[in-house]
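This report concerns only the one structure given below.
The values are calculated or read from the model by the stated rules, or taken from the named source; none is laboratory data. None of these values were measured; they are calculated from a predicted model. All Cβ positions, even for glycine, are placed from backbone atoms using ideal geometry, and neighbour counts span all protein chains on display. The area values use the complete protein model at the heavy-atom level, side chains included, leaving out ligands, DNA and RNA. Shrake-Rupley method; radii C 1.70, N 1.55, O 1.52, S 1.80 Å.
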Amino acid sequence: QDYPNIEIFVVDDCSTDNTVDIVSKINNNRIHIIKHKENRNGSAARNTGIRASKGKYIAFLDDDDEWKTNKISMQVKCLEERDSSVWKAVVVSHSILSNGRWRDVILKKEGDIRKEIFLMQISLAAGSSLLISRDAIDDIGLFNEEYVRHQDMEFILRYLRKYKLATLPEPLSIIHGHSGN
């Protein structure tokens with residue numbers, strides 16, 4: 001990322017691949033590995049990272065997705081240009097690979113988009129496109145660890161009860177869709 005002030009937490013929720021070995025070989029003091037002793041699910045992994053972090057903003061990246069180099073800097077700029085009492089999170093548009101084909105999902109609507117989420121008229125890919133202020137998380141709470149799936153949607157919907165969600169139309173996240181996702 002071109003945003004200079006960043007810390008990275010890789011939370012290993014008992015993966016069965018060689019994630020820890022690969023990340024351990026990266027020589028960068030901004031990267032920290034946290035290993036769960038038992039598989040606890042995506043919500044718990046996100047909460048572990050949130051608790052360990054110290055930043056003003058928090059972003060999430062699923063292990064099979066990617067960010068473009070300027071994702072974080074564009075999101076921080078977007079939020080810092082708005083009224084921070086109501087705009088505390090931003091999602092980016094994304095490119096998604098599905099069935100061997102790429103397509104861009106361009107987000108235009110912002111603010112209170114709960115209706116669009118419930119009607120499935122919008123695809124947020126929040127697991128890899130969201131940046132949220134720490135104070136919003138402190139206010140609404142962590143991810144609900146009872147959710148095995150759709151924890152990102154529950155989290156966003158809870159956020160939208162109090163705050164507005166900004167969107168950026170440029171695809172800055174790359175989502176690798178897989179069969180069974």
Length gained when the stretch Val86-Ile34 is fully extended (0.36 nm per residue, less Cα-Cα span): 15.5 nm
Considering only Arg101, Arg51, Arg30, give the residue with the highest GNM mean-square fluctuation for the chain, with springs between Cα atoms whenever their separation is below 10 Å. Arg101
Among bridges DSSP assigns within the chain, what percent are antiparallel (round to 5)? 50 percent
For Lys109, the aspartates and glutamates lying under 18 Å Cα to Cα, once residues fewer than eight places off in the same chain are dropped, come out as Glu81, Asp83, Glu170
Residue pairs, from the table Lys37/Lys68; Lys37/Lys162; Lys77/Lys108; Lys54/Lys88; Lys25/Lys68; Lys35/Lys68, whose Cα atoms sit over 24 Å apart: Lys37/Lys68; Lys37/Lys162; Lys35/Lys68
Relative contact order for the chain: what is it in percent, counting Cα pairs under 8 Å that are at least 6 residues apart? 30 percent
Quick calc: nm separation of the 7 Å Cα→Cβ label points for Ile22 and Trp102 -> 1.9 nm
Considering the zone a paramagnetic label at Ser123 would reach in this model (a point 7 Å from Cα along the Cα-to-Cβ line), which residues of the stretch 13-46 have amide N under 12 Å from it? none
Name the residue, out of Ile31, Ile72, Ile58, whose mean-square fluctuation peaks in a Gaussian network model built on the chain with Cα pairs under 10 Å. Ile31
Taking the dipole of the stretch 15-83 about the Cα centre (Lys, Arg +1; Asp, Glu -1; charges at Cβ), the one of Gly49, Asn39, Met74 that reaches farthest to the positive side is Gly49
Give me the net charge for the shell around Ile175: Cβ to Cβ below 14 angstrom, other residues only, Lys and Arg +1, Asp and Glu -1. -3
Of the residues Ile50, Ile22, Ile33, which exhibits the maximal mean-square fluctuation in a Gaussian network model of the chain defined by a 10 Å Cα contact cut-off? Ile22
On average, how much accessible surface per residue is there in the chain, in Å², for a 1.4 Å probe, leaving out ligands, DNA and RNA? 58 Å²
The percentage of the accessible area of the chain (probe 1.4 Å, all protein chains present) made up of carbon and sulfur atoms, to the nearest whole number, is 48 percent
Is the shape of the chain rounded, prolate or oblate, going by the alpha carbon gyration tensor and its root eigenvalues a ≥ b ≥ c, with a/c under 1.5 for rounded and a/b larger than b/c for prolate? rounded
